[in-house]
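First up is the structure itself, then whatever we jot down about it.
The values are calculated or read from the model by the stated rules, or taken from the named source; none is laboratory data. From a predicted model like this one, the values you see are computed outputs, not experimental measurements. All Cβ positions, glycine included, derive from the backbone under ideal geometry; neighbour counts span all protein chains shown.
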């Protein structure tokens, strides 16, 4: 069965799913960098809440009513893109 994707604006209820996706994507793609940063997950969540959400427009890609990717844009600049 083909997957269907839907792009929409971020909603507050996406916070946990999106920040978990963000952290796991960084751990898998840049494990040495992520380990060197040494931040705990709650610190990542604080940064996401206090910087990414406040400074960008965030879009969520949804499949089967679950966030599977997101993009944060500041004006025309893609600041974050994770799946």
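Looking only at region 56-83, count every residue that is exposed (fewer than 12 other Cβ atoms within 10 Å of the Cβ) and more than 8 Å from the chain's Cα centre (by Cα) and tell me the total.
The total comes to 7.
Need at least 1 residues that are modelled with pLDDT of 95 or more, touching a strand residue (DSSP E or B) at 6+ places or on another chain (Cβ under 8 Å) and over 18 Å from residue 79 (Cα atoms) per element, so show me which helices (runs of 4 or more DSSP H) inside region 6-59 make the cut, counting only ones lying wholly within it. Break it down into steps so the answer makes sense when it comes.
Details: elements: 15-29, 31-37, 41-47.
In region 6-59, 15-29 are the helices (runs of 4 or more DSSP H) which contain 1 or more residues that are modelled with pLDDT of 95 or more, touching a strand residue (DSSP E or B) at 6+ places or on another chain (Cβ under 8 Å) and over 18 Å from residue 79 (Cα atoms).
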